[in-house]
Amino acid sequence: MKDMAALHTKARELDAQDPLAGYRNHFLIPKRPDGSPVVYMLGNSLGLQPAKAREYVEGVMSDWATMAIDAYTHGHPPYMAYADELKPLLMPLVGATQPEQIAILNTLSVNLHLLLVSFYQPTDRRYKIVVEGRAFPSDRYVVDSHLRSRGLNPDDALVVLQPAEGDHYTPDDVARVIAEQGDTIALWLLGGVNYYTGQLLDIPGITRQVQASGAIAGWDLAHAVGNVPLLLEDWGVDFAAWCHYKYVNGGPSCPGAIFLHSRHVGRDLPRYEGWWGNHIKTRFLMADHFDPAPGADAWAHSLPSLLHMACMRASLELFQQAGGIQVLRQKSLQLTALLEEGIHSLGSSRLSIITPTDPAQRGAQLSLRIAGADRSLQARLAENHVVTDWREPDTIRLAPVPLYNSYADVATLVETLGRVL
Ligand SMILES: *Cc1c(COP(=O)(O)O)cnc(C)c1O
(Lines give C-alpha, C1' and ligand atoms only; values in the text may rest on other atoms or scores of the structure.)
Protein backbone atom coordinates (compact mmCIF):
# COMPACT_ATOMS: atom_id res chain seq x y z
CA MET A 1 0.00 0.00 0.00
CA LYS A 2 3.06 2.29 0.01
CA ASP A 3 2.60 2.85 -3.73
CA MET A 4 -1.03 3.70 -3.10
CA ALA A 5 -0.17 6.48 -0.66
CA ALA A 6 2.27 7.88 -3.23
CA LEU A 7 -0.41 7.72 -5.93
CA HIS A 8 -2.88 9.64 -3.77
CA THR A 9 -0.25 12.25 -2.97
CA LYS A 10 0.62 12.69 -6.63
CA ALA A 11 -3.09 12.94 -7.51
CA ARG A 12 -3.63 15.62 -4.86
CA GLU A 13 -0.72 17.64 -6.25
CA LEU A 14 -1.97 17.35 -9.82
CA ASP A 15 -5.48 18.41 -8.78
CA ALA A 16 -4.09 21.40 -6.91
CA GLN A 17 -2.25 22.59 -10.04
CA ASP A 18 -5.06 21.77 -12.48
CA PRO A 19 -6.45 24.92 -14.14
CA LEU A 20 -9.51 22.91 -15.27
CA ALA A 21 -10.32 21.51 -11.82
CA GLY A 22 -13.29 23.87 -11.38
CA TYR A 23 -15.17 22.49 -14.40
CA ARG A 24 -16.13 19.45 -12.35
CA ASN A 25 -18.54 21.73 -10.45
CA HIS A 26 -20.42 22.42 -13.68
CA PHE A 27 -21.61 18.80 -13.83
CA LEU A 28 -24.07 16.76 -11.79
CA ILE A 29 -22.17 13.74 -10.46
CA PRO A 30 -24.22 10.92 -8.88
CA LYS A 31 -23.67 10.66 -5.13
CA ARG A 32 -22.76 7.92 -2.66
CA PRO A 33 -24.96 7.42 0.42
CA ASP A 34 -22.64 9.73 2.39
CA GLY A 35 -23.26 12.53 -0.12
CA SER A 36 -19.81 12.51 -1.72
CA PRO A 37 -19.61 12.04 -5.50
CA VAL A 38 -19.07 8.57 -6.98
CA VAL A 39 -16.04 7.93 -9.17
CA TYR A 40 -17.61 8.09 -12.61
CA MET A 41 -15.39 6.60 -15.31
CA LEU A 42 -17.95 6.17 -18.08
CA GLY A 43 -17.98 9.42 -20.01
CA ASN A 44 -17.21 7.24 -23.04
CA SER A 45 -20.62 5.63 -22.64
CA LEU A 46 -22.90 8.30 -21.19
CA GLY A 47 -21.47 11.72 -20.36
CA LEU A 48 -22.64 13.45 -17.17
CA GLN A 49 -25.34 16.11 -17.08
CA PRO A 50 -24.07 19.70 -17.29
CA ALA A 51 -25.57 21.68 -14.42
CA LYS A 52 -26.95 24.28 -16.84
CA ALA A 53 -28.74 21.72 -19.03
CA ARG A 54 -31.92 21.88 -16.97
CA GLU A 55 -32.08 25.69 -17.22
CA TYR A 56 -31.71 25.56 -21.01
CA VAL A 57 -34.30 22.79 -21.28
CA GLU A 58 -36.64 24.88 -19.17
CA GLY A 59 -35.96 27.78 -21.52
CA VAL A 60 -37.29 25.72 -24.42
CA MET A 61 -40.30 24.67 -22.34
CA SER A 62 -41.05 28.16 -21.19
CA ASP A 63 -40.77 29.64 -24.70
CA TRP A 64 -43.23 26.98 -25.82
CA ALA A 65 -45.56 27.82 -22.92
CA THR A 66 -45.49 31.58 -23.36
CA MET A 67 -44.99 32.04 -27.10
CA ALA A 68 -46.20 28.77 -28.62
CA ILE A 69 -45.77 29.00 -32.40
CA ASP A 70 -43.90 32.31 -32.13
CA ALA A 71 -41.03 30.51 -30.36
CA TYR A 72 -40.01 29.13 -33.78
CA THR A 73 -38.97 32.64 -34.78
CA HIS A 74 -38.68 34.54 -31.48
CA GLY A 75 -37.58 31.95 -28.91
CA HIS A 76 -34.31 32.25 -26.98
CA PRO A 77 -32.81 31.15 -29.26
CA PRO A 78 -35.51 30.76 -31.94
CA TYR A 79 -36.38 27.11 -32.50
CA MET A 80 -35.61 27.53 -36.20
CA ALA A 81 -32.08 28.70 -35.45
CA TYR A 82 -31.25 26.43 -32.51
CA ALA A 83 -29.11 23.98 -34.48
CA ASP A 84 -27.40 26.84 -36.34
CA GLU A 85 -26.44 28.45 -33.04
CA LEU A 86 -24.80 25.23 -31.87
CA LYS A 87 -22.69 24.86 -34.98
CA PRO A 88 -19.97 27.40 -34.09
CA LEU A 89 -19.51 25.54 -30.80
CA LEU A 90 -19.40 22.13 -32.47
CA MET A 91 -17.20 22.97 -35.46
CA PRO A 92 -13.94 23.29 -33.47
CA LEU A 93 -14.47 19.83 -31.95
CA VAL A 94 -14.31 18.19 -35.37
CA GLY A 95 -12.27 20.64 -37.42
CA ALA A 96 -15.05 21.79 -39.72
CA THR A 97 -14.18 25.09 -41.38
CA GLN A 98 -17.63 26.19 -42.57
CA PRO A 99 -21.07 25.69 -41.00
CA GLU A 100 -22.38 24.06 -44.20
CA GLN A 101 -20.14 21.06 -43.53
CA ILE A 102 -22.07 19.84 -40.50
CA ALA A 103 -25.68 19.16 -39.59
CA ILE A 104 -27.22 18.09 -36.28
CA LEU A 105 -29.81 15.41 -36.89
CA ASN A 106 -31.22 11.98 -35.98
CA THR A 107 -29.08 9.47 -34.16
CA LEU A 108 -25.80 7.97 -35.24
CA SER A 109 -26.99 4.63 -36.59
CA VAL A 110 -29.67 6.32 -38.70
CA ASN A 111 -27.15 8.85 -39.99
CA LEU A 112 -24.79 6.08 -41.11
CA HIS A 113 -27.57 4.73 -43.32
CA LEU A 114 -28.28 8.20 -44.72
CA LEU A 115 -24.60 8.75 -45.52
CA LEU A 116 -24.32 5.35 -47.16
CA VAL A 117 -27.29 6.27 -49.36
CA SER A 118 -25.22 9.21 -50.55
CA PHE A 119 -21.63 7.98 -50.57
CA TYR A 120 -21.96 4.29 -51.32
CA GLN A 121 -22.44 4.09 -55.06
CA PRO A 122 -21.48 0.57 -56.04
CA THR A 123 -20.55 -0.38 -59.58
CA ASP A 124 -20.14 -3.88 -61.03
CA ARG A 125 -16.43 -3.70 -60.28
CA ARG A 126 -16.29 -1.51 -57.15
CA TYR A 127 -18.94 -2.52 -54.66
CA LYS A 128 -17.37 -3.64 -51.38
CA ILE A 129 -17.47 -1.90 -47.99
CA VAL A 130 -14.75 -2.37 -45.38
CA VAL A 131 -15.46 -2.24 -41.64
CA GLU A 132 -13.15 -3.17 -38.77
CA GLY A 133 -13.46 -6.53 -37.04
CA ARG A 134 -14.18 -5.01 -33.66
CA ALA A 135 -16.65 -2.41 -34.95
CA PHE A 136 -19.39 -1.27 -32.58
CA PRO A 137 -22.17 -3.76 -33.36
CA SER A 138 -24.59 -1.14 -34.65
CA ASP A 139 -22.13 -0.14 -37.39
CA ARG A 140 -21.90 -3.73 -38.52
CA TYR A 141 -25.71 -4.11 -38.52
CA VAL A 142 -26.03 -0.88 -40.49
CA VAL A 143 -23.54 -1.92 -43.18
CA ASP A 144 -24.86 -5.49 -43.39
CA SER A 145 -28.48 -4.45 -43.76
CA HIS A 146 -27.58 -1.58 -46.04
CA LEU A 147 -25.81 -3.93 -48.43
CA ARG A 148 -28.79 -6.29 -48.39
CA SER A 149 -31.16 -3.39 -49.08
CA ARG A 150 -29.13 -2.71 -52.23
CA GLY A 151 -29.47 -6.33 -53.34
CA LEU A 152 -25.92 -7.31 -52.35
CA ASN A 153 -24.79 -10.23 -50.24
CA PRO A 154 -22.67 -9.16 -47.23
CA ASP A 155 -20.78 -12.48 -47.41
CA ASP A 156 -19.26 -11.15 -50.60
CA ALA A 157 -19.57 -7.36 -50.36
CA LEU A 158 -18.51 -6.84 -46.73
CA VAL A 159 -14.77 -6.94 -46.04
CA VAL A 160 -13.57 -7.08 -42.45
CA LEU A 161 -10.31 -5.36 -41.50
CA GLN A 162 -8.41 -7.50 -38.97
CA PRO A 163 -5.16 -6.77 -37.14
CA ALA A 164 -2.30 -8.98 -38.39
CA GLU A 165 -1.50 -9.59 -34.75
CA GLY A 166 -2.72 -8.42 -31.36
CA ASP A 167 -5.57 -6.02 -30.81
CA HIS A 168 -4.57 -2.97 -32.83
CA TYR A 169 -4.97 -1.89 -36.44
CA THR A 170 -1.88 -0.65 -38.28
CA PRO A 171 -1.38 1.08 -41.65
CA ASP A 172 -0.01 -2.28 -42.86
CA ASP A 173 -3.35 -3.94 -42.12
CA VAL A 174 -5.07 -1.32 -44.27
CA ALA A 175 -2.46 -1.74 -47.03
CA ARG A 176 -2.95 -5.51 -46.97
CA VAL A 177 -6.70 -5.22 -47.50
CA ILE A 178 -6.14 -2.77 -50.35
CA ALA A 179 -3.58 -5.12 -51.95
CA GLU A 180 -5.88 -8.14 -51.60
CA GLN A 181 -9.10 -6.47 -52.68
CA GLY A 182 -7.70 -4.12 -55.32
CA ASP A 183 -10.27 -1.83 -56.87
CA THR A 184 -13.29 -3.81 -55.68
CA ILE A 185 -13.66 -1.61 -52.58
CA ALA A 186 -16.04 1.33 -52.88
CA LEU A 187 -16.03 2.62 -49.32
CA TRP A 188 -14.43 2.26 -45.88
CA LEU A 189 -16.31 2.93 -42.67
CA LEU A 190 -14.08 2.76 -39.59
CA GLY A 191 -14.37 3.88 -35.98
CA GLY A 192 -11.93 6.70 -35.24
CA VAL A 193 -11.48 5.49 -31.66
CA ASN A 194 -12.34 1.84 -31.23
CA TYR A 195 -15.03 1.46 -28.58
CA TYR A 196 -13.57 -1.79 -27.23
CA THR A 197 -9.81 -1.29 -27.15
CA GLY A 198 -9.75 2.51 -27.06
CA GLN A 199 -7.27 2.60 -29.97
CA LEU A 200 -7.21 5.96 -31.79
CA LEU A 201 -6.64 5.12 -35.43
CA ASP A 202 -4.43 7.23 -37.66
CA ILE A 203 -7.42 8.98 -39.24
CA PRO A 204 -5.45 11.24 -41.65
CA GLY A 205 -3.04 8.46 -42.67
CA ILE A 206 -5.72 5.84 -43.30
CA THR A 207 -7.88 8.41 -45.09
CA ARG A 208 -4.99 9.05 -47.51
CA GLN A 209 -4.37 5.32 -48.04
CA VAL A 210 -8.06 4.67 -48.70
CA GLN A 211 -8.48 7.60 -51.07
CA ALA A 212 -5.27 6.74 -52.96
CA SER A 213 -6.87 3.35 -53.67
CA GLY A 214 -9.87 5.13 -55.19
CA ALA A 215 -12.33 4.46 -52.35
CA ILE A 216 -14.36 6.78 -50.11
CA ALA A 217 -13.16 7.27 -46.51
CA GLY A 218 -16.01 7.54 -43.98
CA TRP A 219 -15.50 7.65 -40.21
CA ASP A 220 -17.64 6.88 -37.20
CA LEU A 221 -16.41 9.30 -34.55
CA ALA A 222 -18.73 8.37 -31.66
CA HIS A 223 -15.77 7.72 -29.35
CA ALA A 224 -13.53 10.41 -30.79
CA VAL A 225 -15.56 13.62 -30.75
CA GLY A 226 -15.09 15.59 -27.53
CA ASN A 227 -12.29 13.17 -26.64
CA VAL A 228 -9.43 13.88 -29.05
CA PRO A 229 -8.81 16.84 -31.38
CA LEU A 230 -10.12 16.21 -34.90
CA LEU A 231 -9.28 18.11 -38.10
CA LEU A 232 -11.68 16.53 -40.54
CA GLU A 233 -11.44 19.20 -43.23
CA ASP A 234 -7.62 19.28 -43.18
CA TRP A 235 -7.44 15.51 -43.12
CA GLY A 236 -9.60 15.26 -46.23
CA VAL A 237 -12.13 12.90 -44.61
CA ASP A 238 -15.02 12.35 -47.05
CA PHE A 239 -17.75 12.04 -44.46
CA ALA A 240 -18.18 11.35 -40.76
CA ALA A 241 -20.95 10.82 -38.24
CA TRP A 242 -21.04 10.76 -34.46
CA CYS A 243 -23.31 11.00 -31.45
CA HIS A 244 -23.32 13.56 -28.63
CA TYR A 245 -24.24 11.51 -25.59
CA LYS A 246 -20.77 10.12 -24.89
CA TYR A 247 -17.92 12.63 -24.43
CA VAL A 248 -20.13 15.54 -25.55
CA ASN A 249 -22.57 15.15 -22.61
CA GLY A 250 -25.74 15.89 -24.60
CA GLY A 251 -27.78 13.33 -22.66
CA PRO A 252 -29.27 9.97 -23.62
CA SER A 253 -30.89 9.93 -27.10
CA CYS A 254 -29.43 13.34 -27.97
CA PRO A 255 -29.29 13.93 -31.76
CA GLY A 256 -26.03 13.14 -33.54
CA ALA A 257 -24.33 15.02 -36.35
CA ILE A 258 -22.79 14.49 -39.77
CA PHE A 259 -19.79 16.05 -41.50
CA LEU A 260 -19.17 16.37 -45.24
CA HIS A 261 -15.83 17.45 -46.64
CA SER A 262 -16.01 20.84 -48.37
CA ARG A 263 -15.45 19.13 -51.76
CA HIS A 264 -18.80 17.34 -51.26
CA VAL A 265 -20.72 20.38 -50.02
CA GLY A 266 -23.24 21.41 -52.67
CA ARG A 267 -22.67 18.28 -54.78
CA ASP A 268 -25.72 16.66 -56.23
CA LEU A 269 -25.52 13.36 -54.31
CA PRO A 270 -28.28 10.77 -54.02
CA ARG A 271 -30.07 11.42 -50.72
CA TYR A 272 -33.13 10.57 -48.69
CA GLU A 273 -34.94 13.87 -48.19
CA GLY A 274 -37.50 15.50 -45.90
CA TRP A 275 -38.96 18.96 -45.44
CA TRP A 276 -36.41 20.17 -42.88
CA GLY A 277 -33.67 19.61 -45.45
CA ASN A 278 -35.32 22.09 -47.76
CA HIS A 279 -33.75 25.54 -47.97
CA ILE A 280 -35.08 27.73 -45.15
CA LYS A 281 -35.99 30.46 -47.65
CA THR A 282 -38.44 28.21 -49.50
CA ARG A 283 -39.33 25.59 -46.88
CA PHE A 284 -42.63 27.17 -45.96
CA LEU A 285 -43.73 27.70 -49.52
CA MET A 286 -44.62 24.02 -49.18
CA ALA A 287 -43.76 23.35 -52.82
CA ASP A 288 -43.70 19.85 -54.31
CA HIS A 289 -40.16 20.28 -55.53
CA PHE A 290 -37.28 19.91 -53.02
CA ASP A 291 -34.94 22.89 -52.86
CA PRO A 292 -31.91 21.65 -50.88
CA ALA A 293 -30.46 23.59 -47.97
CA PRO A 294 -26.80 24.46 -48.54
CA GLY A 295 -24.49 21.63 -47.50
CA ALA A 296 -25.07 19.03 -44.84
CA ASP A 297 -28.38 20.52 -43.68
CA ALA A 298 -29.95 19.11 -46.86
CA TRP A 299 -29.69 15.69 -45.13
CA ALA A 300 -32.10 16.79 -42.36
CA HIS A 301 -35.61 15.39 -42.38
CA SER A 302 -37.18 17.07 -39.37
CA LEU A 303 -36.40 19.59 -36.67
CA PRO A 304 -34.07 17.75 -34.24
CA SER A 305 -35.14 17.53 -30.58
CA LEU A 306 -34.92 20.98 -29.04
CA LEU A 307 -34.85 19.61 -25.51
CA HIS A 308 -31.73 17.64 -26.31
CA MET A 309 -30.11 20.45 -28.24
CA ALA A 310 -30.61 22.53 -25.07
CA CYS A 311 -28.55 19.94 -23.15
CA MET A 312 -25.92 19.93 -25.89
CA ARG A 313 -25.72 23.69 -25.71
CA ALA A 314 -24.93 23.57 -21.97
CA SER A 315 -22.11 21.11 -22.61
CA LEU A 316 -20.66 22.72 -25.74
CA GLU A 317 -20.44 26.04 -23.90
CA LEU A 318 -18.27 24.33 -21.29
CA PHE A 319 -15.94 22.94 -23.98
CA GLN A 320 -15.54 26.48 -25.26
CA GLN A 321 -15.09 28.08 -21.81
CA ALA A 322 -12.45 25.50 -20.88
CA GLY A 323 -10.38 26.69 -23.85
CA GLY A 324 -11.36 24.06 -26.38
CA ILE A 325 -10.50 20.48 -27.15
CA GLN A 326 -6.72 21.05 -27.41
CA VAL A 327 -6.60 22.32 -23.83
CA LEU A 328 -8.78 19.47 -22.58
CA ARG A 329 -6.62 16.99 -24.43
CA GLN A 330 -3.55 18.11 -22.45
CA LYS A 331 -5.29 17.25 -19.18
CA SER A 332 -6.72 14.07 -20.69
CA LEU A 333 -3.21 12.84 -21.57
CA GLN A 334 -2.11 13.36 -17.97
CA LEU A 335 -5.22 11.77 -16.44
CA THR A 336 -4.89 8.68 -18.61
CA ALA A 337 -1.14 8.48 -17.98
CA LEU A 338 -1.81 8.54 -14.22
CA LEU A 339 -4.40 5.80 -14.62
CA GLU A 340 -1.94 3.69 -16.59
CA GLU A 341 0.79 4.27 -14.00
CA GLY A 342 -1.62 3.38 -11.18
CA ILE A 343 -2.71 0.14 -12.83
CA HIS A 344 0.93 -0.87 -13.35
CA SER A 345 1.69 -0.05 -9.72
CA LEU A 346 -0.85 -2.70 -8.64
CA GLY A 347 1.65 -5.21 -9.98
CA SER A 348 -1.08 -7.76 -10.73
CA SER A 349 -0.20 -10.37 -13.33
CA ARG A 350 -3.96 -10.72 -14.03
CA LEU A 351 -4.17 -7.22 -15.52
CA SER A 352 -3.24 -6.20 -19.03
CA ILE A 353 -4.10 -2.91 -20.70
CA ILE A 354 -5.22 -3.62 -24.27
CA THR A 355 -5.23 0.06 -25.26
CA PRO A 356 -2.06 1.23 -27.08
CA THR A 357 0.68 2.47 -24.76
CA ASP A 358 1.51 5.30 -27.20
CA PRO A 359 -0.57 8.33 -26.08
CA ALA A 360 -0.85 9.43 -29.73
CA GLN A 361 -2.80 6.23 -30.41
CA ARG A 362 -5.42 6.60 -27.72
CA GLY A 363 -7.89 9.05 -26.21
CA ALA A 364 -9.12 9.10 -22.62
CA GLN A 365 -10.07 5.44 -22.43
CA LEU A 366 -8.04 2.52 -21.15
CA SER A 367 -9.45 -0.98 -21.59
CA LEU A 368 -8.31 -3.44 -19.00
CA ARG A 369 -8.29 -7.16 -19.67
CA ILE A 370 -8.54 -9.11 -16.43
CA ALA A 371 -7.58 -12.78 -16.49
CA GLY A 372 -10.04 -15.06 -14.73
CA ALA A 373 -12.55 -12.27 -14.01
CA ASP A 374 -16.21 -12.06 -14.85
CA ARG A 375 -18.96 -9.45 -14.65
CA SER A 376 -19.02 -9.66 -10.85
CA LEU A 377 -15.79 -7.68 -10.77
CA GLN A 378 -17.47 -4.66 -12.32
CA ALA A 379 -20.39 -5.15 -9.89
CA ARG A 380 -17.98 -5.08 -6.95
CA LEU A 381 -16.44 -1.86 -8.22
CA ALA A 382 -19.96 -0.42 -8.47
CA GLU A 383 -20.72 -1.48 -4.86
CA ASN A 384 -17.67 0.59 -3.96
CA HIS A 385 -19.08 3.56 -5.90
CA VAL A 386 -16.66 3.28 -8.80
CA VAL A 387 -18.64 3.29 -12.04
CA THR A 388 -17.08 1.37 -14.95
CA ASP A 389 -18.43 -1.03 -17.54
CA TRP A 390 -17.85 -4.63 -18.42
CA ARG A 391 -17.43 -5.89 -21.98
CA GLU A 392 -17.49 -9.61 -22.59
CA PRO A 393 -15.50 -11.71 -22.24
CA ASP A 394 -12.94 -10.20 -19.85
CA THR A 395 -12.58 -6.43 -20.18
CA ILE A 396 -13.52 -3.33 -18.21
CA ARG A 397 -13.41 0.07 -19.84
CA LEU A 398 -12.27 3.14 -17.93
CA ALA A 399 -12.47 6.66 -19.28
CA PRO A 400 -11.29 9.54 -17.08
CA VAL A 401 -12.80 12.67 -18.65
CA PRO A 402 -10.89 15.96 -18.33
CA LEU A 403 -14.01 18.14 -17.95
CA TYR A 404 -15.21 16.42 -14.78
CA ASN A 405 -12.85 13.71 -13.54
CA SER A 406 -10.17 14.60 -11.02
CA TYR A 407 -6.79 12.97 -10.55
CA ALA A 408 -8.11 11.92 -7.13
CA ASP A 409 -10.85 9.97 -8.97
CA VAL A 410 -8.12 8.06 -10.77
CA ALA A 411 -6.29 7.26 -7.52
CA THR A 412 -9.51 6.10 -5.84
CA LEU A 413 -10.36 3.91 -8.82
CA VAL A 414 -6.93 2.28 -8.77
CA GLU A 415 -7.04 1.66 -5.04
CA THR A 416 -10.55 0.20 -5.24
CA LEU A 417 -9.57 -2.02 -8.14
CA GLY A 418 -6.59 -3.30 -6.16
CA ARG A 419 -8.86 -4.15 -3.25
CA VAL A 420 -11.58 -5.96 -5.23
CA LEU A 421 -9.01 -7.99 -7.16
C1 LIG B 1 -22.41 4.65 -29.46
C2 LIG B 1 -22.15 4.18 -30.83
C3 LIG B 1 -23.19 3.94 -31.74
C4 LIG B 1 -24.65 4.08 -31.40
O5 LIG B 1 -25.12 5.36 -31.68
P6 LIG B 1 -26.70 5.66 -31.70
O7 LIG B 1 -26.79 7.15 -31.70
O8 LIG B 1 -27.30 5.06 -30.46
O9 LIG B 1 -27.25 5.04 -32.92
C10 LIG B 1 -22.84 3.51 -33.00
N11 LIG B 1 -21.55 3.34 -33.38
C12 LIG B 1 -20.53 3.57 -32.52
C13 LIG B 1 -19.11 3.37 -32.97
C14 LIG B 1 -20.80 3.98 -31.23
O15 LIG B 1 -19.79 4.18 -30.37
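The values are calculated or read from the model by the stated rules, or taken from the named source; none is laboratory data. Keep in mind that this is a model prediction, so the values were computed, not measured. Please note: Cβ atoms are built from the backbone with ideal geometry, for glycine as well, and neighbour counts cover all protein chains shown.
Any chance segment 313-321 includes a residue that's at pLDDT 95 or above and over 18 Å from the mean Cα position of the chain (by Cα)? Yes, some residue in segment 313-321 is at pLDDT 95 or above and over 18 Å from the mean Cα position of the chain (by Cα). Scanning segment 137-183 for residues that are on the phi > 0 side of the Ramachandran plot and modelled with pLDDT of 95 or more returns a single hit, GLY151. Of all residues in segment 68-110, those satisfying the criterion of being under 15 Å from CYS311 (Cα atoms), part of a helix (DSSP H, G or I) and not acidic (Asp, Glu) are TYR79, TYR82, ALA83, LEU86, LYS87, LEU89, LEU90.
Take the conditions among the acidic types (Asp, Glu) and either surrounded by 19 or more Cβ atoms within 10 Å (Cβ to Cβ) or more than 25 Å from ALA257 (Cα to Cα) (or both) and apply them to GLU132. Does it pass? Answer is yes for this residue. Only one of the listed residues (LEU7, LEU46) is part of a helix (DSSP H, G or I) and either in contact (Cβ under 8 Å) with a residue 12 or more places away in the chain or under 24 Å from CYS254 (Cβ atoms) (or both). That residue is LEU7. The sole residue among VAL225, VAL237, VAL265, VAL193 that is within 16 Å of the ligand (Cβ to nearest atom), of a type in the set (A, V, I, L, M, F, W, C) and out of contact with any Phe, Trp or Tyr (no Cβ under 9 Å at 6 or more places or on another chain) is VAL193. Considering segment 143-195, the residues that are touching a residue at least 40 places away in the same chain (Cβ under 8 Å) and β-branched (Val, Ile, Thr) include one that is farthest from LEU232 (Cα to Cα), namely THR184.
For (1) surrounded by 20 or more Cβ atoms within 10 Å (Cβ to Cβ); (2) within 16 Å of the ligand (Cβ to nearest atom); (3) at pLDDT 95 or above, each residue gets a yes or a no:
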residue: SER45; (1), (2), (3): no, yes, yes
residue: PRO50; (1), (2), (3): yes, no, yes
residue: MET61; (1), (2), (3): no, no, yes
residue: ILE69; (1), (2), (3): no, no, yes
residue: ALA83; (1), (2), (3): yes, no, yes
residue: LEU90; (1), (2), (3): yes, yes, yes
residue: PRO99; (1), (2), (3): no, no, yes
residue: ALA103; (1), (2), (3): yes, yes, yes
residue: HIS113; (1), (2), (3): no, yes, yes
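Taken together, the criteria place VAL401 among residues that are among the β-branched types (Val, Ile, Thr), closer than 20 Å to ILE354 by Cα, in a loop (DSSP other than H, G, I, E, B) and under 24 Å from the mean Cα position of the chain (by Cα).
Those helices (runs of 4 or more DSSP H) of segment 116-181 in which 1 or more residues are touching a helix residue (DSSP H, G or I) at 6+ places or on another chain (Cβ under 6 Å) and within 16 Å of the ligand (Cβ to nearest atom) occupy 137-149.
Please determine whether any residue of segment 242-262 is farther than 21 Å from GLY191 by Cβ and away from the ligand (no atom under 16 Å from the Cβ). Steps first, please.
Start the filter on segment 242-262 by keeping residues that are farther than 21 Å from GLY191 by Cβ, which leaves 251, 262.
Now restrict to residues that are away from the ligand (no atom under 16 Å from the Cβ): 262.
Checking segment 242-262: at least one residue is farther than 21 Å from GLY191 by Cβ and away from the ligand (no atom under 16 Å from the Cβ).
Looking across ARG267, ARG208, one residue alone is without any contact (Cβ under 8 Å) to a residue 40 or more places away in the chain and over 23 Å from the mean Cα position of the chain (by Cα). It is ARG267.
Only one of the numbered conditions (1) in contact with a helix residue (DSSP H, G or I) (Cβ under 6 Å, 6 or more places away or on another chain); (2) not hydroxyl-bearing (Ser, Thr, Tyr); (3) not in a loop (DSSP other than H, G, I, E, B) is not met by GLY418, and that is (1). Conditions first: (1) in contact with a strand residue (DSSP E or B) (Cβ under 9 Å, 6 or more places away or on another chain); (2) farther than 23 Å from TYR195 by Cβ; (3) of a type in the set (A, V, I, L, M); (4) surrounded by 19 or more Cβ atoms within 10 Å (Cβ to Cβ). LEU398 passes all but one, so which condition is the exception? In the conditions (1) in contact with a strand residue (DSSP E or B) (Cβ under 9 Å, 6 or more places away or on another chain); (2) farther than 23 Å from TYR195 by Cβ; (3) of a type in the set (A, V, I, L, M); (4) surrounded by 19 or more Cβ atoms within 10 Å (Cβ to Cβ), LEU398 misses (2) alone.
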